[in-house]
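Here is the structure we will look at, set down as structure tokens.
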Amino acid sequence: MGDGTLPGVQSRSEARIVLHVDMDCFYASCERLRDPSLAGEPVVVGMGFEPGESHGAVATASYEARKYGVESAQPISQALDALPRMADARDDPDLDVGDAGYYRPVDMSFYKSVAGEVKAILHDVADTVREVSVDEAYLDVTDRTGWETVADGDRTLAEGYGRYVKQRIAREVGVPASVGVAPNMSTAKIASDYDKPDGLVVVRPDRVRQFLEPLPVDELHGVGPVTASELRSMGIETAGDLARADPAVLGDRFGERGRELYARARGDDDRPVTPTGRPKSLSRESAFTEPTTEPSRKRETVLALAADVADRATQRGALYRTIGIKVVTPPYDVHTRANSLPGPVDDPALVEEVALSLLEEFEADPVRKLGVRVSKLSFGDEEQTSLDGFAAGSGDDEADASTDAEPRPDRSTPGEERSSGQVSLGDFGSRDAGS
Ligand code: TTP
Ligand code: MG
């Protein structure tokens, strides 16, 4: 599923926009949510710390507790040595309450309910959400924002969008998240970890190599301690070294994984974000290098997009009841138009026909970007997407489809039925992107 094969595509602006969201010291943050007096204190969540218990492990520790050397998966006895319980320190004159922490038992059902609230926001801000663990997800937000720079020329619209996602989680749920924004999954994951806690790290498509270059190899996903020391023995210390290594040598030494690591270190990772759960819509967009007024180019692009979207729907056995287009006119005004059908269909020719007829309204307008979407999807073997907490593990759906929130009206354009469920870039840009 390569990008860049459609007419009128510019590679930079066509690059995907992937957000990786990873909650900060998640279980400890949940404990703080229900006991705000824990804010700023060392907090350890785990098992086996009660008097009389001795076996158990640390699930997580707040960043204050990490300063004492407490970390995930550590035996609880070791954590208690490094950071005594506040309850014990108060009773023991040999211990200092200033160097004690608060211990809490694991309450998974509470953490799942908090995760469920976070997840609802993620599904609202992205069509395509891949949940990989209780506190971590990848989002494809290519059709919600852009790599275009704003204001001072250094920030991107995508950065504003990343900030908006973080702020919504903080404001509506009350737990901190770190967000990485990049043109691919592996770089986005490294970026979210780069400035924890409460981080927002944006890696533009033209800066991926530069960002990865100095990182120690073990910060690359898939490089454990064994691989890292083997790489070091080959003189490969950083991702930059890896990117300059001979891929044939890496392939001989590590097999397929060696070639993959080489590609990741170079910022080459074209895996689409595949959603967990069922998509509620499928869309595809493409940007022009320069805004175009040429009606034939616009029609050609819409036809290619319509064919692509219809083909994906067919492959996934999806029927659709709504066919829509998105038209972005300069500066960044997003217009969406859609037609609903009397019943669900799988009809590629109809997608092309409806999309073209919706485009007629914009015949004379300069256009930066076009998109086609089919929504109100249904499947032969209908089943509901699970709405409870983050799914553990991952789905193996393929294609960059989406799990849509309920469509919201697009406030930016009057006119026909509007049902894209997309955030208006115009509105968004003025509120967040420049801040
Ligand atoms: P992580 O995201 O790995 O850790 P974290 O959210 O606590 O901290 P960070 O800010 O570094 O992201 O894991 C998410 C949750 O999963 C974590 O809060 C507790 C649980 N967990 C365990 O129970 N055992 C473990 O060994 C790890 C790594 C995590
Ligand atoms: Mg986390």
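Values as computed for the structure displayed
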{"item": "Using distinct alpha-carbon pairs, which all enter the 1/r mean, Kirkwood radius of region 58-101 in Å", "result": "10.4"}
{"item": "Relative intensity, log₁₀ I(q)/I(0), of region 262-337 from a Debye sum that treats every alpha carbon as a point, q = 0.18, 0.20, 0.23, 0.24 Å⁻¹", "result": "-0.94, -1.04, -1.14, -1.17"}
{"item": "Where labels lie 7 Å past Cα in the beta-carbon direction, separation of residue 321 and residue 379 in nm", "result": "1.8"}
{"item": "Sum of side-chain charges, residue 51 neighbourhood, beta-carbon under 13 Å (Lys, Arg +1; Asp, Glu -1)", "result": "-4"}
{"item": "Cβ crowding within 10 Å averaged over residues, with 112-121, 277-286, 159-168 ranked highest first", "result": "277-286, 159-168, 112-121"}
{"item": "Approximate spin-label separation residue 171-residue 133, in nm, with each point projected 7 Å along Cα-to-Cβ", "result": "2.9"}
{"item": "Relative packing of peptides 218-230, 193-205 - highest average C-beta neighbours within 10 Å first", "result": "193-205, 218-230"}
{"item": "Label point distance in nm, residue 81-residue 194, each placed 7 Å from Cα along Cα→Cβ", "result": "3.7"}
{"item": "Amide proton proximity set for residue 146, modelled H, under 5 Å, gap of 5+", "result": "157, 158"}
{"item": "Listed pairs 166/376; 166/326; 166/298; 119/376 exceeding 24 Å between Cα atoms", "result": "166/376; 166/326; 166/298"}
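Here, each number is a calculation from the coordinates, and none is a lab measurement. Because the structure is predicted, anything quoted here is derived from the model rather than measured. For neighbour counting, all protein chains shown are included, and Cβ atoms are generated from backbone atoms with ideal geometry for every residue, glycine included.
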